[in-house]
Amino acid sequence: MAKITLVVLAAGIGSRFGGLKQVEPVGPNNELIIDYSIYDALKAGFDKVVFVINENIQELFRERIGKKIEKKVETAYIYQKINDLPADFTVPAGRVKPWGTAHAVLSCQKVVDSPFVSINSDDYYGASAFQMLGSFLNNTGDQGGRPQYAMIGYVLENTLTENGSVARGICRVNPEGYLQEIHERTRIEKFGEVARYTENGTDWVQIPKGSIVSMNIWGLTPRIFTELETGFPDFLRENQGELSKAEYYLPEAIGHLITGGKARVKVLPTSERWYGVTYQQDKLLVKKAIAELIRAGVYPEKLWAD
């Protein structure tokens with residue numbers, strides 16, 4: 001098996017959660033969601049973990065997460081910095097958040113030299129997601145000079161919370177199973193048995209049942225870094241009037257590569273349920289789900305037993 005790295009995006013502040021949701025325990029021995037993702041990746045054969053974090057939480061993050069992972073696998077830390085910008089650009093007044101998930105992945109280019117899987121730190125993806133992406137990255141090469149990437153495609157209804165809105169990448173997939181378009185919808189909510197999104201907080205658009213969505217788990221190669229580096233200045237120029245809050249989203253960046261004919265993305269469908277702590281009220285549901293998985297034998301009760 002070729003070398004595969006797990007890139008964990010953990011620089012978000014977690015404002016909707018009211019704190020650092022990356023370090024909220026959900027397992028019986030204070031395990032975090034991120035622990036279960038790393039456990040699944042190591043079982044799938046991954047051999048390096050790179051954490052992308054905010055420099056302000058580095059001590060807490062290493063104490064709660066990093067030290068135990070360092071004992072299991074090669075580990076690196078990258079700080080996503082708000083002032084890490086191309087020449088001729090400066091941080092606008094009022095900007096406090098990092099520049100988004102595409103910028104976070106781009107920040108890894110000096111420490112990632114192998115195929116890799118990029119995930120959010122606070123989302124539970126299911127063991128099969130890492131197995132499928134590991135197999136894809138080991139068995140798929142470039143075609144016609146274009147890089148071949150992959151994403152796990154979740155059924156929308158399996159990714160929603162009862163406690164408020166979520167952000168998801170709504171996908172259009174062709175009959176051959178390749179991603180054609182992806183649109184990041186930052187406010188999707190459940191209305192009874194249907195899901196709708198809004199762009200302005202007033203007008204709601206229903207999303208077809210069974211729609212495939214991205215949960216920001218991607219199988220990529222280092223070729224993506226060149227494209228993200230080229231695309232970042234374009235993003236900054238296109239959003240000049242909104243740079244206090246605009247984000248360089250990975251799904252949107254990859255979508256531009258697809259429409260520009262610069263990459264192909266295979267959608268690997270899954271029936272796995274997503275679990276995450278988007279809101280404080282979600283925590284109990286996630287803890288119950290993890291307990292069920294332990295009872296079913298998917299995970300040991302003590303995840304990192306020596």
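Once you charge only the Cβ atoms, +1 for Lys and Arg and -1 for Asp and Glu, what is the size of the charge dipole of the stretch 144-247 about its Cα centre, to the nearest 20 debye? Please report the intermediate quantities before stating the final value.
Working: 11 positive and 15 negative charges, 36 e Å.
Magnitude of the dipole: close to 180 debye.
Under 23 Å between alpha carbons: how many lysine pairs meet that in the stretch 183-306, if sequence neighbours fewer than 8 apart on the same chain are excluded?
Numbers: LYS190/LYS209; LYS190/LYS283; LYS190/LYS287; LYS190/LYS288; LYS209/LYS266; LYS283/LYS302; LYS287/LYS302; LYS288/LYS302.
Total qualifying Lys-Lys pairs in the stretch 183-306 comes to 8.
For the stretch 94-170, what are the per-bin percents of Cα-Cα distances with bins 5 Å wide, up to the bin holding the maximum?
Per 5 Å bin, starting at 0, the Cα pair percentages come out as 3, 10, 17, 21, 21, 15, 8, 4, 1, 0.
Hey, how much of the P(r) for the stretch 232-306 falls beyond 18 Å, as a percent of Cα pairs? If you can, show how the numbers build up before the last one.
Details: 1865 of 2775 pairs.
Counting pairs separated by more than 18 Å, the tail of P(r) holds 67 percent.
Running Debye on the stretch 88-232 with equal point scatterers at the Cα sites and no solvent, what base-10 log of I(q)/I(0) appears at q = 0.20, 0.21 Å⁻¹?
So the normalised log intensities are -1.37, -1.43.
Report D for the stretch 183-273 in µm² per second (integer): Stokes-Einstein, Kirkwood Rh on Cα pairs, 4 °C, 1.567 mPa s. Walk me through the intermediate numbers first.
Numbers: Rh = 15.6 Å.
Approximately 83 µm²/s, per Stokes-Einstein.
Could you work out what % of the accessible surface of the chain is carbon and sulfur, using a 1.4 angstrom probe and leaving DNA, RNA and ligands out of the count? Spell out each step's value before the answer.
Working: 6580 of 14170 Å².
The value for the chain is 46 percent carbon and sulfur by accessible area.
How big is the Kirkwood radius of the stretch 147-196, worked out from every pair of different alpha carbons and given in Å to one decimal?
Values: mean 1/r = 0.0818 Å⁻¹.
Every distinct Cα pair counted, the radius reaches 12.2 Å.
Is any residue of the stretch 162-191 close enough, with backbone N under 18 Å, to a label point placed 7 angstrom from the Cα of GLN206 along the Cα-Cβ axis, and if so, which?
Correct set: 188-191.
Over the C-alpha atoms of the stretch 20-146, what are the Rg and the largest Cα-to-Cα span, Dmax, in Å?
16.2, 50
Tell me the accessible surface of VAL173 in square angstrom (1.4 angstrom probe, heavy atoms of protein chains only), to the nearest ten.
Probe radius 1.4 Å; accessible area of VAL173 about 50 Å².
Dipole of the stretch 161-288 (Lys/Arg Cβ +1, Asp/Glu Cβ -1, origin at the Cα centre): which of LEU228, GLY260, VAL205 lies farthest to the positive side?
Comparing the listed Cα positions along the dipole, VAL205 ranks first.
For the stretch 179-306, what is the charge dipole size about the Cα centre, in debye to the nearest 20, if Lys and Arg each add +1 at the Cβ and Asp and Glu each add -1 at the Cβ? Spell out each step's value before the answer.
Working: 17 positive and 18 negative charges, 98 e Å.
Here the size comes out at about 460 debye.
Which three semi-axes in whole Å describe the equivalent ellipsoid of the stretch 148-300, each the square root of 5 times a Cα gyration tensor eigenvalue, listed largest first? Mind dumping the intermediate values first?
Numbers: eigenvalues 155, 85, 52 Å².
Result for the stretch 148-300: semi-axes of 28, 21, 16 Å.
Work out the length of the dipole vector of the chain about its Cα centre, built from +1 on the beta-carbon of each Lys and Arg and -1 on the beta-carbon of each Asp and Glu, and round it to the nearest 20 debye.
Values: 35 positive and 37 negative charges, 76 e Å.
Result for the chain is approximately 360 debye, rounded to the nearest 20.
Cα convex hull of the stretch 38-104: how many Å³ per residue? Mind dumping the intermediate values first?
Details: hull volume 7.2 nm³, N = 67.
With only Cα atoms used, the stretch 38-104 gives 107 Å³ per residue.
Looking at the chain only, what percent of DSSP beta bridges run antiparallel? Nearest 5 please.
Counting only bridges with both partners in the chain, antiparallel ones make up about 55 percent.
Just to confirm, what accessible area per residue do you get for the chain at 1.4 Å probe, in whole Å²?
46 Å²
The values are calculated or read from the model by the stated rules, or taken from the named source; none is laboratory data. Since the structure is predicted, the reported quantities are computational estimates derived from the model, not experimental observations. Every residue, glycine as well, gets a Cβ built from its backbone with ideal geometry; the counts of neighbours run over all protein chains shown. Note: accessible area is taken over every heavy atom of the protein model, side chains too, but ligands, DNA and RNA are not part of it. Shrake-Rupley method; radii C 1.70, N 1.55, O 1.52, S 1.80 Å.
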